[in-house]
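I have placed the structure first, in the form of structure tokens, so that the comments after it can refer back to it.
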Amino acid sequence: MINKVYLVVEDWSADFDNGVDINVFKDLEKAQEYIKQRIEEEEEENNDFYDNTIIEEDYYYSCYNDGYCAENRLRMYIEEKGIQ
């Protein structure tokens, strides 16, 4: 039997540092709740995001107003993986 897990992947870059953080969830709804919570945190902490931020149910992307999306960005998405 194949079960599923849901990875919330946060691909980020800030002030010439970058990384990828991954959180694993057994439940899709919990993964979606986590992304919503992280979006709220980011928007509270960083008022200088572009107005054209992309937010979909399982995807979020934004970059800072400085225009350097390669240096200052946050992309979050959910990836479904089957496990045995």
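The values are calculated or read from the model by the stated rules, or taken from the named source; none is laboratory data. These numbers come from a predicted model, not from an experiment. As a convention, Cβ positions derive from the backbone with ideal geometry for all residues, glycine included, and neighbour counts pool all protein chains shown.
Things worth noting here:
- Only residues that are over 21 Å from residue 39 (Cβ atoms), surrounded by 10 or more Cβ atoms within 10 Å (Cβ to Cβ) and either free of Cβ contacts under 8 Å to residues at least 60 places away in the same chain or in contact with a Lys or Arg (Cβ under 6 Å, 6 or more places away or on another chain) (or both) were counted in the range 1-22, giving 1.
- Unmet criterion (only one of (1) part of a helix (DSSP H, G or I); (2) surrounded by 11 or more Cβ atoms within 10 Å (Cβ to Cβ); (3) at pLDDT 80 or above) for residue 40: (2)
- Scanning the range 69-81 for any residue that is outside any loop (DSSP other than H, G, I, E, B), of a type outside the set (S, T, N, Q) and either at pLDDT below 80 or touching a His at 6+ places or on another chain (Cβ under 9 Å) (or both) turns up at least one such residue.
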